[in-house]
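Student: Below is one structure. I have some questions about it.
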Amino acid sequence: MVLPRVSALAVALAFALPASAGATYGWPLKPFDRQHPVRSFFDDPRQEGAEAASFHFGIDISAADGTPVYAVADGVVRLQPDAVALVADAGDRVFSYWHVEPLVADQTHVTAGTAIGTVKPGFGHVHFAELHGGTYVNPLRPGGIAPYVDSTSPTIVTLFAAVGTRKVDLGAISGTVDLLVETYDTPPAPLPPPPWNLTRVAPALIRWRLVPEGAAGAPWHTAVDFRSYLAPREKFSNVYAPWTTLNRPGRPGRLVYYLARRWSASRLPAGRYRLQVAVFDSQGNSARAGIWLTTG
């Protein structure tokens, strides 16, 4: 059912990013020019306690408690309750480093490579975020943090349809239903250390289409696009379906996405269709899957 691969279309889609200011920068941990383990991706689902569900606004880089954290650019430090923010000299970018104990004073000017904090006890990671003009952007996009190499493909677990939380028979689709996909990406090497080595993370792009039986193709629709900008919090319930669960220590999460919410079978003539889905990561690796459904 699933065929992971990289194609010309996959590369074109994954690199079709909106233009953004700034240049590639190194990692906020030593060595700066070596890839470090990432245990949570941009736009992963988040919900802690009574807090409203939201999208993860950066990446979590695994590091032992007490590990020094370094500035990735020249700029002015602005201390926050749980973070060190760095306003880059160019003025349009802000890098923030969360869950750190500061080593520098507020409004200190630092250069790239300066130690600005250490990972707080009990966290085991630094949450690293990047803003352009007040908008969070994906640090793992091409042109962001480097080096970043990912040669693994996402995984598509299953495709299905549902009404609310009740799955429906794909052989007899009628009325209004939701079309869904369970899919995930995995961090590339080096993997996060246990208990986060089994973590499942958000893909960067999910597209889908319905191809009539006997037809060569049909237009593609974009369900999810996490390649560059942070998704608005109010869109959470239209992106992540109720079956979604978060990663926990030693227990991988489950990521279920809406392809289309409240899709009406009456939009198409009664018949048999191939529901096709293509999933991409930020580096252009892809997975594809298809399943038959019948309307009418």
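Student: Once the other residues with Cβ under 11 Å from the Cβ of THR135 are scored (Lys, Arg +1; Asp, Glu -1), what is the net sum?
Tutor: Net charge in that neighbourhood comes out at -1.
Student: Looking at the chain, identify the longest residue range that excludes and avoids all GluC sites (Glu not before Pro) in DSSP loops having at most 12 other Cβ atoms within 10 Å.
Tutor: The longest uninterrupted stretch comes out as 52-212.
Student: Please find the FRET efficiency linking ARG267 to GLU48, where r is the Cβ-Cβ separation and R0 is fixed at 30 Å, and quote it to the nearest 0.05. Don't jump to the answer; show the numbers that get you there.
Tutor: On the way: r = 38 Å, r/R0 = 1.28.
Efficiency for this residue pair is about 0.20.
Student: If you wrap a convex hull around the Cα atoms of the chain, how much volume per residue is inside, in Å³?
Tutor: Output value, Cα hull per residue: 133 Å³.
Student: Let me ask something additional. With each run of n ≥ 4 DSSP H residues scored as -39500 (n - 2.57), what mean residue ellipticity at 222 nm is computed for the chain after dividing by its residue count and rounding to the nearest 500 deg cm²/dmol?
Tutor: Rounded to the nearest 500, it is -1000 deg cm²/dmol.
Student: Also: So which aspartates and glutamates pass the test for LYS167, namely a Cα distance under 19 Å, with those fewer than 8 places away in the same chain ruled out?
Tutor: The qualifying aspartates and glutamates are ASP178, GLU182.
Student: A further question follows. Taking a ≥ b ≥ c as the square roots of the Cα gyration tensor eigenvalues, with a/c under 1.5 meaning rounded and otherwise prolate when a/b beats b/c, else oblate, which class fits region 21-137?
Tutor: Working: a/c = 1.43, a/b = 1.23, b/c = 1.16.
Verdict is rounded for region 21-137.
Student: What are the ³J(HN,Hα) values, in whole Hz, obtained from phi via the Karplus relation 6.51 cos²θ - 1.76 cosθ + 1.60 with θ = phi - 60°, for each residue of region 267-284 in sequence order, with x given for Gly and Pro?
Tutor: So the J values, rounded to whole Hz, are 5, 10, x, 4, x, 9, 9, 9, 7, 10, 10, 10, 10, 10, 9, 5, 9, x.
Student: Here's something else I'd like to know. If amide hydrogens are placed 1.01 Å from N in the peptide plane, which non-local residues have theirs closer than 5 Å to the one on GLY117?
Tutor: Counting only residues 5 or more places away or on other chains, the set is VAL69, LEU103.
Student: Sequence-distant or interchain residues sharing an amide H contact under 5 Å with LEU259, placed H: which?
Tutor: Counting only residues 5 or more places away or on other chains, the set is LEU179, LEU180, VAL181.
Student: Extension gain THR294-LEU79, at 0.36 nm per residue separation less the Cα-Cα distance, in nm?
Tutor: 71.7 nm
Student: Could you give me the ³J(HN,Hα) list for region 101-112, computed from phi with Karplus coefficients 6.51, -1.76, 1.60 and θ = phi - 60°, whole Hz, x at Gly and Pro?
Tutor: Whole-Hz 3J(HN,Hα) from phi for region 101-112: 8, x, 10, 10, 7, 4, 6, 6, 8, 10, 10, 4.
Student: Another question about this same structure. Hey, got a sec? Which chymotrypsin sites (Phe, Trp or Tyr not before Pro) in region 185-243 land in a DSSP loop and have at most 15 other Cβ atoms within 10 Å?
Tutor: Counting only loop positions with at most 15 other Cβ atoms within 10 Å, the chymotrypsin sites (Phe, Trp or Tyr not before Pro) in region 185-243 are TRP220, TRP243.
Student: What residues qualify as long-range amide H neighbours of VAL224, i.e. H under 5 Å apart, gap of 5 or more or another chain, H built at 1.01 Å from N?
Tutor: Those lying under 5 Å, H to H, from VAL224 are ILE206.
Student: Next question, about the same structure. Treating cross-link reach as a plain straight distance, find the aspartates and glutamates whose alpha-carbon is under 16 Å from the alpha-carbon of LYS30, omitting any fewer than eight places away in the same chain.
Tutor: Qualifying aspartates and glutamates at Cα under 16 Å: ASP60, ASP65.
Student: A follow-up question, please. Quick one: 3J(HN,Hα) in Hz for region 126-141, Karplus 6.51/-1.76/1.60 with θ = phi - 60°, rounded, Gly and Pro as x.
Tutor: Values, residue by residue: 10, 7, 10, 9, 9, 10, 10, x, x, 10, 5, 10, 6, x, 8, 5 Hz.
Bear in mind that the values in this text are calculations on the coordinates, not laboratory data. Keep in mind it's a predicted model, so treat the numbers as computed, not measured. Neighbour counts are summed over all protein chains in view; Cβ atoms, including those assigned to glycine, are modelled from backbone coordinates with ideal geometry.
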